[in-house]
1. Using a Förster radius of 30 Å, what is the FRET efficiency between residue 171 and residue 41 based on their Cβ-Cβ separation? Nearest 0.05, please.
2. Compute the Rg to Rh ratio over segment 25-159 from the alpha carbon atoms, using the Kirkwood formula for Rh, and round to two decimal places.
3. Which trypsin sites (Lys or Arg not before Pro) from segment 1-72 combine a DSSP loop assignment with at most 14 other Cβ atoms within 10 Å?
4. Based on the Cβ-Cβ distance of residue 95 and residue 17, what FRET efficiency does E = 1/(1 + (r/R0)^6) give at R0 = 30 Å, to the nearest 0.05?
5. What does the C-alpha gyration tensor say about the overall shape of segment 66-113? Classify as rounded when a/c is under 1.5, otherwise prolate if a/b is larger than b/c, or oblate.
6. State which entries of 13/190; 20/219; 42/189 exceed 23 angstrom in Cα-Cα distance in the structure shown.
7. Label points 7 Å out from Cα along the Cβ direction at residue 118 and residue 151: separation in nm?
8. In Å³ and rounded to a whole number, note down the convex hull volume per residue for the Cα atoms of the chain.
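No lab work stands behind these numbers, since they all come straight from the coordinates. Bear in mind the structure is a predicted one, so any value in this text is a computation, not a measurement. Counting neighbours? That spans all protein chains shown, and the Cβs are built from the backbone with ideal geometry, glycine included.
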Amino acid sequence: MNKSNYLAFIPAKGNSSELKNKNIKKIHNKTLVDITIDEVKKTKIFDKILLSSDDDKILKIGEKKKIQTIKRPKKISNSTASTESALMHAINKLNLHQLKGIFIFQVTSPLRKHTTIKSFYNFCKKNSLKNVITVSKTTNLISLNNKLNKFISLNNREINISRRQDKMGMVFENSLIYYIQTKFFNQTKKIKNKNMSFFITDKYESIDIDNHKDYLVSKKLYKNAKI
């Protein structure tokens with residue numbers, strides 16, 4: 001991978017439903033936006049880092065960090081707006097169609113380490129993959145939620161295996177990092193597609209802040225994390 005052909009895309013809209021001003025909440029005197037930008041820059045992989053937001057306060061953070069910023073229209077910044085719409089807006093507005101691929105970093109994962117970003121990048125590079133997401137692994141049995149409260153195991157082969165170390169386990173999306181080839185994204189308009197690949201990351205590092213409790217837990221973990 002030639003780093004000049006790859007973009008680090010950081011979406012961070014102003015409004016949030018469960019936790020007000022979530023993306024500029026501070027942990028150890030740094031906003032979530034600051035933390036994400038700093039870790040991406042530490043990798044020294046990307047010479048193109050783009051922050052997309054509808055909020056001037058958030059955009060000013062990017063400007064102070066000397067990365068590229070783009071003002072997102074309000075119509076794709078409401079509570080139902082998707083990361084895909086923000087990414088498509090940036091690609092079209094800045095004519096980024098020539099890029100080989102895009103790495104996406106949600107700012108709500110403050111425990112994400114630059115070493116993990118580099119490992120994920122190298123995994124995508126080594127295997128020439130189109131679409132990759134990070135996941136966490138569990139050896140617990142998992143069922144789809146249902147109104148009858150019936151536990152319907154998604155992995156019946158392991159239902160009778162008692163020792164955790166004997167289980168293959170299952171994985172679930174954790175939103176730490178996403179990767180997609182630009183050409184493939186232009187075709188599908190999605191950052192998650194059928195037959196995408198996955199990369200396992202540490203479950204604590206992969207904490208995603210959705211609400212105030214997540215925020216408090218992240219603050220405590222960040223204090224002890226070597227980031």
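1. Efficiency, from the Cβ-Cβ distance: 0.55.
2. Working: Rg = 18.5 Å, Rh = 17.7 Å.
With Rh from the inverse mean 1/r over Cα pairs, Rg/Rh is 1.05.
3. Those satisfying the criteria are 20, 44, 66.
4. Values: r = 33 Å, r/R0 = 1.09.
About 0.40, to the nearest 0.05.
5. On the way: a/c = 1.72, a/b = 1.08, b/c = 1.59.
Judged from the Cα gyration tensor, segment 66-113 comes out oblate (a/c at least 1.5, b/c at or above a/b).
6. On the way: 13/190 19 Å; 20/219 16 Å; 42/189 29 Å.
Pairs exceeding 23 Å: 42/189.
7. 4.2 nm
8. It comes to 153 Å³ per residue, whole-number rounded.
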